[in-house]
Amino acid sequence: MNKADRIYVAGHRGMVGSAVCRALAKKGYANVVTRTHKELDLLDPAAVAAFYAAEKPDVAVIAAARVGGIGANSAANALFLYENEMIALNTVWGAYKAGVKRLLFLGSTCIYPRMAPQPIPESALLTSELEKTNEGYALAKISGLKLCEFLRRDCGVLYHSLMPTNLYGPGDNYDVVGGHVLPTMIRKFETARVNGDATVPLWGTGTPLREFLHVDDLAAACVFMLELENPPDLVNVGSGEEVSIRTLAEKVKAATGCPAAIDWDSTKPDGTPRKLCDTTLIRSLGWKPEIDLDTGLAMTVADYRAALDAGTIRL
Ligand code: GFB
């Protein structure tokens, strides 16, 4: 990738896309092309094709997706499959048809089987059944990464994929019903602290293990992958550290300074028991994360408070 390249970032207003734009700017890539959801409907193949034909980007980064936590995914697997499949096919196939030479497709480590070996190597893909709570999302992301792989192998374009672990950071969605666990916990503990509530309701048993990566680390990894001449087709990216949901809750409680007790609701789903990705490959290529969970959590609580004050928070 060259500094003069025109780089299309799909999903630039989301948590991931906006972090990718910041990381590109930081490294001197000034020629970034974006479209808001209103300007370009990524579910519409003709609109996406027309956009690529008009803009002719050199590089595309596909950070657009319908995302959500376990509640949103498990309640709407059909919607998560349909929208993410359409976004993947339209943005990747459209790029290929318009002559885009390079593309980075972003997915999630939920593409791997529910009972994959831990830490999960890239080779675990499609070796056994998926986790049911996010099967629709996972299938769509698997289609996208496979389309990139096939196009690279058969048609000579440099399309490759990066699979991040659970992400958090500025610009996250703080919806307590559909959001991911970390931002949801920040909002729940902050709300309880401000209201003086005695308890904070959390989901499941607290025993599942999750890995968290700050979105600015992911964005740095995206630029790193785009600067490699011959990247692998599929690469995991994570912090390499896992915590139980219970430990995460204690950390968020401490980071927010909330004295409330935790009330676990075991009627709510736990989801996959463990999801730690094997980051041997990306580390062997020369990349490593910079932001540890405690530091990232403190930054994110500060971001949440500032966004709430400014009225810019996504709920
Ligand atoms: O981030 P999360 O919603 O999704 O985390 P996944 C779910 C875990 O946190 C489960 C526990 O073990 C929940 O029982 N948890 C505890 C809570 N309290 C809460 C709460 O208040 N809200 C939420 N949301 N969870 C998602 C996938 O899986 O991971 C997506 O559904 C995507 O497709 C994403 O891959 C990265 O980690 O289970």
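Please go through the range 147-161 and pick out each residue that is surrounded by fewer than 23 Cβ atoms within 10 Å (Cβ to Cβ) and either of a type outside the set (Phe, Trp, Tyr) or in a loop (DSSP other than H, G, I, E, B) (or both).
Scanning the range 147-161 gives Leu147, Glu149, Leu151, Arg152, Arg153, Asp154, Cys155, Gly156, Val157, Leu158, His160.
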Within the range 223-250, how many residues are closer than 20 Å to Tyr8 by Cα and surrounded by 23 or more Cβ atoms within 10 Å (Cβ to Cβ)? 1
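Quick one: count up the residues across the range 130-153 that are within 15 Å of the ligand (Cβ to nearest atom) and either among the charged types (D, E, K, R) or within 17 Å of the chain's Cα centre (by Cα) (or both). Give the derivation first.
Pass one, the range 130-153, residues within 15 Å of the ligand (Cβ to nearest atom): 130-145.
When the remaining residues are screened for being either among the charged types (D, E, K, R) or within 17 Å of the chain's Cα centre (by Cα) (or both), the result is 131-145.
Qualifying residue count for the region: 15.
Could you tell me whether any residue of the range 86-93 is out of contact with any His (no Cβ under 7 Å at 6 or more places or on another chain) and under 30 Å from Leu202 (Cβ atoms)?
Filtering the range 86-93 for residues out of contact with any His (no Cβ under 7 Å at 6 or more places or on another chain) gives 86-93.
Restricting the remaining residues to those that are under 30 Å from Leu202 (Cβ atoms) gives none.
There is no residue in the range 86-93 that is out of contact with any His (no Cβ under 7 Å at 6 or more places or on another chain) and under 30 Å from Leu202 (Cβ atoms).
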Counting only residues that are over 30 Å from Leu285 (Cβ atoms) and over 19 Å from the mean Cα position of the chain (by Cα), the range 218-246 contains a total of 1
For the range 172-199, name all the residues that are more than 8 Å from the ligand (Cβ to nearest atom) and closer than 22 Å to Thr295 by Cβ. Asp172, Asn173, Tyr174, Pro183, Ile186, Arg187, Phe189, Glu190, Arg193
Would you be able to say whether some residue in the range 200-209 is in a helix (DSSP H, G or I), among the hydroxyl-bearing types (Ser, Thr, Tyr) and within 9 Å of the ligand (Cβ to nearest atom)? no
In this structure, is Ile111 within 18 Å of Leu234 (Cα to Cα) and near the ligand (Cβ under 10 Å from one of its atoms)? yes
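Would you mind stating whether Leu89 is surrounded by fewer than 21 Cβ atoms within 10 Å (Cβ to Cβ) and touching a helix residue (DSSP H, G or I) at 6+ places or on another chain (Cβ under 6 Å)? Write out each step before concluding.
On the way: surrounded by fewer than 21 Cβ atoms within 10 Å (Cβ to Cβ): yes; touching a helix residue (DSSP H, G or I) at 6+ places or on another chain (Cβ under 6 Å): no.
The answer is no for Leu89.
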Quick one: what pairs do we get from the range 209-226, first residue within 12 Å of Val16 (Cα to Cα) and small (Gly, Ala, Ser), second assigned to a strand (DSSP E or B) and within 16 Å of the ligand (Cβ to nearest atom), C-beta under 8 Å, 6+ apart or different chains? Ala221/Leu162; Ala221/Pro164; Ala221/Val237
Every residue from the range 227-239 that is over 30 Å from Asp270 (Cα atoms) and touching a residue at least 12 places away in the same chain (Cβ under 8 Å): Glu227, Leu228, Pro231, Pro232, Asp233
If Phe212 satisfies all but one of (1) among the hydrophobic types (A, V, I, L, M, F, W, C); (2) closer than 27 Å to Ala306 by Cβ; (3) under 13 Å from the mean Cα position of the chain (by Cα); (4) assigned to a helix (DSSP H, G or I), what's the number of the condition it fails? (4)
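Would you pick out the residues in the range 263-282 that are outside any loop (DSSP other than H, G, I, E, B) and either without any contact (Cβ under 8 Å) to a residue 60 or more places away in the chain or within 9 Å of the ligand (Cβ to nearest atom) (or both)? So that I can check it myself, show each step before the final result.
Step one: filter the range 263-282 for residues outside any loop (DSSP other than H, G, I, E, B), giving 263-265, 274-275, 277, 280-282.
Hits for the range 263-282 are Trp264, Asp265, Lys275.
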Could you tell me whether the range 72-82 includes any residue that is surrounded by 19 or more Cβ atoms within 10 Å (Cβ to Cβ), out of contact with any strand residue (DSSP E or B) (no Cβ under 7 Å at 6 or more places or on another chain), closer than 30 Å to Thr279 by Cβ and of a type in the set (Phe, Trp, Tyr)? yes
So which pairs qualify, if the first residue must be in the range 181-208 and within 13 Å of Lys253 (Cα to Cα) and polar (S, T, N, Q), the second must be surrounded by fewer than 18 Cβ atoms within 10 Å (Cβ to Cβ) and at pLDDT below 95, the Cβ gap must be under 7 Å, and the two must be at least 6 apart or on different chains? Thr184/Val176
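The values are calculated or read from the model by the stated rules, or taken from the named source; none is laboratory data. A quick note: this is a predicted structure, and the numbers were derived from the prediction, not measured. A quick note on method: Cβ atoms are made from the backbone with ideal geometry, for glycine too, and the neighbour counts reach across all protein chains shown.
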